[in-house]
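Here, each number is a calculation from the coordinates, and none is a lab measurement. Note that the coordinates shown come from a computational prediction; the quantities given were computed from them, not determined experimentally. Neighbour counts run over all protein chains shown; Cβ positions are idealised from the backbone, glycine included.
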Amino acid sequence: MHIAEAQREIRQTFQGGFAGQTVSGQLATQVAFTIPLALPVVVGATLHRLDWFYPATMVIVGAHYLPFVFLYGMPAFAALGGAMIAGGVLFGLNGAGGFAVPGWATGAALLAFALIGRAIAAREAARGSDAAA
């Protein structure tokens, strides 16, 4: 099996990541552990400045999505990770929106990219069905 075939299989099986953060498998499980292991960084940032809780979390969660580019073979995960990292840095530096806005922005980004990932996988599955017929 070639890498591209394995990536396509992961995309179709897990609907482009739509199934959620509990995706099990080799790289996905290891990547999932980066979030709890990085929480002390969020705590440290929050102890320094309370308004950095969500921006710090945004950066860590965004960075955790970057390996998914390879796992799923989907550049959309680079856009998600990059947007969350940049958003976290901008919210953190500017303090824009107060405490909760970065949290809501994170939720909105995750929902938007879940739908995008699902659409990519569905479109690819439809093309595969057409080719098999």
The helix 76-94 Cα axis meets the longest alpha-carbon principal axis of the chain at an angle in degrees, between 0 and 90 and rounded to 10, of 10 degrees
Mind checking segment 36-133 for trypsin sites (Lys or Arg not before Pro) that DSSP puts in a loop (not H, G, I, E or B) and that have at most 14 other Cβ atoms within 10 Å?
Arg49
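With each run of n ≥ 4 DSSP H residues scored as -39500 (n - 2.57), what mean residue ellipticity at 222 nm is computed for the chain after dividing by its residue count and rounding to the nearest 500 deg cm²/dmol?
Numbers: 7 runs with 102 residues, N = 133.
Counting only the DSSP helices, I get -25000 deg cm²/dmol.
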Per-pair calculated FRET efficiency, R0 = 22 Å: Leu50 and Asn94 via Cβ, rounded to 0.05:
0.90
Could you work out how far helix 53-65 tilts from the main Cα principal axis of the chain, as a 0 to 90 degree angle to the nearest 10?
20 degrees
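Given the Cα-Cα distance of Val101 and Ala126 and 0.36 nm per residue of separation, how much length would full extension add, in nm?
Details: separation 25, 0.36 × 25 = 9.00 nm, distance 3.74 nm.
Fully extending the segment from Val101 to Ala126 adds 5.3 nm.
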Would you please classify the overall shape of the chain from the alpha carbon gyration tensor, given that a ≥ b ≥ c denote the square roots of the eigenvalues, rounded means a/c under 1.5, and beyond that prolate means a/b larger than b/c while oblate covers the rest?
prolate
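State, as an integer percentage, the relative contact order of the chain based on alpha-carbon contacts under 8 Å between residues 6 or more apart. Each step should come with its number before you reach the end.
Working: 144 pairs, mean separation 40.5, N = 133.
Reported as a whole number, the value is 30 percent.
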Angle, helix 34-48 long axis vs. longest principal axis of the chain, Cα atoms, 0 to 90°, nearest 10?
20 degrees
